[in-house]
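Input: a single structure, listed below in structure tokens.
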Amino acid sequence: MVRLSAEIIATSIQRTNPLNERELCLRALSIPTIEHLSTTRDAFDAIDFTDNRLTRLENFPRLRRLTSLYACGNLITGVDAANLKENLVNLTNLVLTDNRIDGLWEVEGIG
């Protein structure tokens, strides 16, 4: 497993995605937890955490620009809705396909 460090974030692919969003691609790095995202300095519209080892969506710093979060193919069982509501205020797209979420009650507090 790779720990998400400032160095990993700095050397990861940064691109403009098909939705014309500035995207940070953190795909398939076996990341177990979300940390050090404040080093992005709120420079991205989208972050792609697809195919990692995340178990919870939590520990986000304030990222006002972030509108899309992709977390498909992880091991996510829960979401810290209070953290997402407080720190990802412009989040409009959250993709959690192929995770271990038991029901909608896990994510209902986000909206």
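The values are calculated or read from the model by the stated rules, or taken from the named source; none is laboratory data. Treat the numbers as computed from the prediction; the structure is a model and nothing was measured. Every residue, glycine as well, gets a Cβ built from its backbone with ideal geometry; the counts of neighbours run over all protein chains shown. When the accessible area is computed, the model is the full protein with side chains, heavy atoms only, and any ligands, DNA or RNA have been set aside. Shrake-Rupley method; radii C 1.70, N 1.55, O 1.52, S 1.80 Å.
Would you pick out the residues in the range 61-87 that are in a strand (DSSP E or B) and not hydroxyl-bearing (Ser, Thr, Tyr)?
Matches in the range 61-87: Leu69, Gly78, Val79.
Could you figure out which of (1) of a type in the set (Val, Ile, Thr); (2) more than 12 Å from the chain's Cα centre (by Cα); (3) more than 17 Å from Arg22 (Cβ to Cβ) isn't true of Thr39?
(3)
Let me spell it out: the conditions are (1) loosely packed, with under 14 Cβ neighbours inside 10 Å; (2) modelled with pLDDT of 95 or more, and Gly109 meets all of them except one. Which number is the exception?
Unmet condition: (2).
Please tell me if Thr39 is in contact with a Cys (Cβ under 6 Å, 6 or more places away or on another chain), more than 16 Å from Leu91 (Cα to Cα) and surrounded by 14 or more Cβ atoms within 10 Å (Cβ to Cβ).
Taking the combined requirement at face value, the residue does not satisfy it.
Let me confirm something: among Ile76, Ile47, Ile34, Ile13, which residue is over 20 Å from Asn90 (Cα atoms) and open to solvent by less than 30 Å² (accessible area, probe 1.4 Å)?
One residue alone meets the criteria, Ile76.
Using the structure shown, decide if Leu4 is on the phi < 0 side of the Ramachandran plot, open to solvent by less than 40 Å² (accessible area, probe 1.4 Å) and in contact with a strand residue (DSSP E or B) (Cβ under 9 Å, 6 or more places away or on another chain).
no
Collect the residues in the range 50-67 that are touching a strand residue (DSSP E or B) at 6+ places or on another chain (Cβ under 7 Å), surrounded by 20 or more Cβ atoms within 10 Å (Cβ to Cβ) and under 16 Å from Cys25 (Cβ atoms), keeping them in residue-number order.
The one that is touching a strand residue (DSSP E or B) at 6+ places or on another chain (Cβ under 7 Å), surrounded by 20 or more Cβ atoms within 10 Å (Cβ to Cβ) and under 16 Å from Cys25 (Cβ atoms): Leu66.
Just one of (1) touching an Asp or Glu at 6+ places or on another chain (Cβ under 6 Å); (2) open to solvent by 50 Å² or more (accessible area, probe 1.4 Å); (3) not in a loop (DSSP other than H, G, I, E, B) trips up Leu94, so point out which.
All conditions pass for Leu94, except number (1).
Answer yes or no as to whether Ser30 is in a loop (DSSP other than H, G, I, E, B) and modelled with pLDDT of 95 or more.
Here the answer is yes, as Ser30 does meet what is asked.
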